[in-house]
1. Considering only the range 122-138, I want to know if a residue exists there that is surrounded by 17 or more Cβ atoms within 10 Å (Cβ to Cβ), under 24 Å from the mean Cα position of the chain (by Cα) and at pLDDT below 95.
2. Pick from VAL268, VAL263: which is more than 30 Å from VAL102 (Cβ to Cβ), modelled with pLDDT of 95 or more and out of contact with any strand residue (DSSP E or B) (no Cβ under 7 Å at 6 or more places or on another chain)?
3. Can you report the number of residues in the range 98-112 which are of a type outside the set (D, E, K, R) and open to solvent by 20 Å² or more (accessible area, probe 1.4 Å)?
4. Would you please name the residue that is most open to solvent (accessible area, probe 1.4 Å), looking only at residues in the range 288-331 that are closer than 23 Å to THR168 by Cβ and charged (D, E, K, R)?
5. Residues to consider are LEU173, LEU211; find the one that is open to solvent by 30 Å² or more (accessible area, probe 1.4 Å) and at negative phi.
6. Being in contact (Cβ under 8 Å) with a residue 40 or more places away in the chain, open to solvent by 50 Å² or more (accessible area, probe 1.4 Å) and out of contact with any strand residue (DSSP E or B) (no Cβ under 8 Å at 6 or more places or on another chain) is the filter here, so list the residues in the range 217-257 that pass it.
Amino acid sequence: MPETSGPLQALFLRFGLPAPTAFHPVDSGLLNRSYQITSPGRRYFLKHYLPWRGIGSGLPDEHGRKRSADRTLRWQHEAVIRLQAAGLPAVAPLRDLHGRTVAYVRGRPFAVFPWNDGVHRHGRHMQDVDAFCLGGVLADIHTGLARVLPQVPQPLFVATTSEQHAVTEAEQLLALVDTGAGTGTVQSEMDALSAHRLRERLALIPEVAHLRPAPDAVGTVGYIHGDFHAGNVMWSGMEPGSRVTAVVDWEKTAVAPCGDEVVSTALVFFTGEYSGQLDLDLVRAFVGGYVAARPHFSERELTDSVRRVWWERLTDFWILTWHYQHADHRADSLFPATAALVPWWTENYAKVLDAFLDGASTATGTAPRR
């Protein structure tokens with residue numbers, strides 16, 4: 001839909017909105033296409049949802065059955081509308097004149113959201129007060145989702161990748177990298193780094209395989225945002241003490257251990273862009289904010305999640321799979337830091353766990369058990 005084309009005009013008419021006067025792509029996001037739309041007196045955020053989901057994936061219904069991709073998207077929209085009504089900084093989609101939040105243009109799903117003028121902040125832009133605030137927002141999201149969505153059966157089986165599967169996948173990816181090098185083409189920096197990190201991982205996984213979470217483990221689960229990173233959190237400003245004004249992109253909302261999202265959020269916000277090391281002071285503050293707002297979150301859940309997410313990062317190669325098996329380079333920029341984090345975290349596992357537990361104990365006023 002280039003510029004202010006007929007389909008775009010018709011789409012806005014369907015929502016009862018003034019005709020667009022300007023249309024600009026938004027250069028952010030890995031999974032969908034987004035646009036800033038200007039109408040007289042207002043701006044809007046238009047999202048085109050790309051077909052990345054598998055059949056039957058998404059949120060369960062009240063009977064525990066998986067919804068289709070289309071029904072999942074609509075249900076996620078309804079959940080966000082309820083969260084926004086409850087006072088959370090969730091940006092809900094607008095409804096069209098028939099009350100629907102998803103509109104199809106030539107068979108493609110779109111949604112229209114209010115524009116938010118907030119700014120994005122990474123860990124390097126934060127102080128302890130900001131990390132504490134961020135943890136509180138994530139806790140409020142987990143609590144809010146549990147209130148507006150069907151109850152989740154407890155506990156549930158939480159699968160982890162086996163050593164054999166991870167080694168096989170790493171070997172296959174390394175073969176693809178080496179095959180490219182053997183064709184006479186110039187090896188890129190991505191190729192060289194990928195080969196180095198894959199060989200490093202192939203040596204590391206067997207060495208620490210005994211620390212894999214139990215393959216038959218069960219855990220406490222709940223609803224999570226699923227994509228809680230700096231690009232999806234908007235702040236009122238860059239100054240210390242600024243507030244979160246908006247949380248966007250709820251398409252990955254799902255059932256999983258809430259603790260896993262706590263740990264993964266700490267990783268994506270507070271891992272050094274070049275060093276691949278965690279800022280453990282900010283981790284402590286972030287976890288403190290989460291536990292202060294959600295005090296029933298247990299030390300056992302947190303300990304289990306640290307172990308599970310560490311193993312997941314050790315055995316997951318999704319960025320390289322995108323790059324080498326699908327020629328999709330959208331996530332390449334994430335690879336240096338995420339790959340560097342794994343060996344550093346493995347070497348400093350006890351120190352990292354202590355930081356998470358210290359943050360929780362500060363919030364509850366108890367001494368963590370080691």
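1. As a first pass, look at the range 122-138 and keep what is surrounded by 17 or more Cβ atoms within 10 Å (Cβ to Cβ): 123, 126, 130-138.
Remaining after also requiring under 24 Å from the mean Cα position of the chain (by Cα): 123, 126, 130-138.
Filter once more, so that each one left must be at pLDDT below 95: 123.
Checking the range 122-138: at least one residue is surrounded by 17 or more Cβ atoms within 10 Å (Cβ to Cβ), under 24 Å from the mean Cα position of the chain (by Cα) and at pLDDT below 95.
2. Values: VAL268 fails: more than 30 Å from VAL102 (Cβ to Cβ).
Within the list VAL268, VAL263, the selection yields VAL263.
3. Step one: list which residues in the range 98-112 are of a type outside the set (D, E, K, R), which gives 98-99, 101-105, 107, 109-112.
In the following step, the residues that additionally are open to solvent by 20 Å² or more (accessible area, probe 1.4 Å) were identified as 98-99, 104, 107, 109.
The qualifying residues number 5.
4. Start the filter on the range 288-331 by keeping residues that are closer than 23 Å to THR168 by Cβ, which leaves 307-328, 331.
Narrowing further to those that are charged (D, E, K, R): 307-308, 312-313, 316, 328.
Values: ARG307: 78, ARG308: 29, GLU312: 94, ARG313: 53, ASP316: 68, ASP328: 35 Å².
Of everything passing the filter in the range 288-331, GLU312 is most open to solvent (accessible area, probe 1.4 Å).
5. On the way: LEU173 fails: open to solvent by 30 Å² or more (accessible area, probe 1.4 Å).
After ruling out the rest, the residue left standing is LEU211.
6. Within the range 217-257, THR220, HIS229, PRO240, GLY241 meet the criteria.
The values are calculated or read from the model by the stated rules, or taken from the named source; none is laboratory data. Everything numeric here is computed off the predicted structure, so don't read it as measured data. Positions of Cβ are backbone-derived with ideal geometry, glycine not excepted, and every protein chain shown enters the neighbour counts. The protein model used for the area step is the full one, side chains on, heavy atoms only, and it has no ligands, DNA or RNA in it. Shrake-Rupley method; radii C 1.70, N 1.55, O 1.52, S 1.80 Å.
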